[in-house]
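Please treat every number below as a calculation from the coordinates, not as lab data. The shown structure was predicted, so the numbers you read here are calculated from the model rather than taken from an experiment. All Cβ positions, even for glycine, are placed from backbone atoms using ideal geometry, and neighbour counts span all protein chains on display.
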């Protein structure tokens, strides 16, 4: 055998080996893309595993259409699923084909489905099952199942990845590009990137696109988002330039659609080789967002639920059964008996608080007569010790013939009030009340800085303040005022259960506008200090312990037009008789101060008055 013949047989043997390998590869590829369930171990030749370690399961279109994917539910990241489009050419056939690349695999089962939008019977499904015993970095599925009439039509791609504990579900929408726009020999001005949008977390969208081949030298891409509401014009919502990166990595852009409407994305290459610097534009399918109705329903449901819980809470707090021995808040009412109608108004207010509002109100006109001692001073002292609250009521200017049945109780009460202010004990709480027929000037000076309630405007606030233990109003209190049940005895009950009180306040208002026509001072003969008070008009002396007021002395001058201030407390008396007064104005009056530290009263001798 010659050397040439030997060389011939060697070449023939090598060709035979290549033919066998090619046939085996073709057979493997054919089986991988067949409509039967086959092994995908041909992609994992580095693993020494059985064919069942990686399987691709095929499904009929009728079974595939029944699949459901819970998109938008609780999901875990079990790996990356990337869509690609590549040009396929063989035997004169030129098609665009989808490629599904599976990376960072942490699932044991993944099923996916392509659905052509607008057609209920055009589906393509596959399912991957891999063994958890092996670490599989990457798988892909790029079999030819599309047709030429699928190009430039919209598809929805869904997949569900699972492990024994977790599930991940996602949804993409895309357009299958035409072969001529992604072919290897396509010019840059006609080449368009493959674009798809992840709508799994709607209304938050992520646009992703495949970069141009490196030989184009593309550096920047422009992505834009457009929206349209019903029949309105298309509006640009966002526009951004994204720089290119590694060719093997896709680019992405995240957008949050706040409002309802139809959205779509557009991506194009920015290059000077294209018209106006803009190359072929890739467009996504329209994505409908109806966030207004669902969000509104959720918002309304939350409001209704919150309102229901609030009403339930208020009802439980306000509608407890009344215990017979429950302690009522004790309120001492301080006022000046300046008018008979005003006194009557205080009596009706006290009775209303007692009978309707569950408040134990204390009033001198009603309680001193039924007390054990019947002594105003003792009753006032005991009332202050019992009171949870002290209500200082405004009183109109005093008419000279109005004294009330107990004289000077208001003076005693205000004296106790000042003493209580100086104590550190938290009880009682003090507040003032402005009657509708009074002004703020009618509130005693001792109470001008207290919390003030206006009647009947603040009647509910006053009652809540009393029943809440003097606590400052909170947001809950204001909400209860607006939305809660009616307050027992509150402003809403005045027209039905407080008619007497309203009538008394109206009568006091009429009485205050009358002019005081008193001609002389009438003094009661049955007063406690009757004998002394018929002889002297009492004058209240200010002790040095109650304030550091400056006394005033007369200056050593013939004129009495001005007074001099002294830093010493005044401890002298200036008694004088009416007979000593020169009412003609011809003589000069001389007043000699008399030192008398033991004197208690200084006044006018009524017996010397010539009436």
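The table that follows gives values for the structure above.
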read-out: Label zone at residue 147, where the point sits 7 Å out along the Cα-to-Cβ direction: the stretch 58-102 residues whose backbone N lies under 17 Å; value: 61-62, 93-98
read-out: Measure of compaction for the stretch 186-237 (Cα Rg per 2.2 N^0.38 Å); value: 1.47
read-out: Sites residue 256 and residue 133 - FRET efficiency at Förster radius 30 Å, r taken between beta-carbons, to 0.05; value: 0.15
read-out: Residues residue 45 and residue 120, FRET efficiency given R0 of 35 Å [Cβ-Cβ distance, rounded to 0.05]; value: 0.30
read-out: Separation in nanometres of the label points that stand 7 Å from Cα toward Cβ, at residue 471 and residue 276; value: 6.8 nm
read-out: Highest-first arrangement of 120-128, 84-92, where packing means the average Cβ count within 10 Å; value: 120-128, 84-92
read-out: Size descriptor, Kirkwood hydrodynamic radius, that averages inverse alpha-carbon separations across the stretch 179-272, Å; value: 14.4 Å
read-out: Virtual spin-label span in nm between residue 299 and residue 248, 7 Å along Cα→Cβ; value: 4.8 nm
read-out: Segments 96-106, 365-375 sorted - mean Cβ within 10 Å per residue, highest first; value: 96-106, 365-375
read-out: Percentage relative contact order, the stretch 187-290, counting C-alpha pairs under 8 Å, at least six apart; value: 34 percent
read-out: Kirkwood hydrodynamic radius over Cα pairs of the stretch 50-98, then Stokes diffusion coefficient at 20 °C and 1.002 mPa s, in µm²/s; value: 139 µm²/s
read-out: Residue exposure sequence - 95, 332, 309 - by fewest surrounding Cβ within 10 Å; value: 309, 95, 332
read-out: Sorted peptide list for 488-494, 358-364, 163-169, criterion being average Cβ within 10 angstrom, highest first; value: 358-364, 488-494, 163-169
read-out: Debye equation applied to the C-alpha atoms of the stretch 85-129, log10 I(q)/I(0) at 0.34 Å⁻¹; value: -1.15
read-out: Sorted by Cβ density within 10 Å, fewest first, the residues 34, 202, 192; value: 34, 202, 192
read-out: Cα-based Rg of the stretch 130-226 normalised by 2.2 N^0.38 Å, two decimals; value: 1.35
read-out: Using a Förster distance of 30 Å, the FRET efficiency for residue 448-residue 510 (Cβ separation, nearest 0.05); value: 0.70
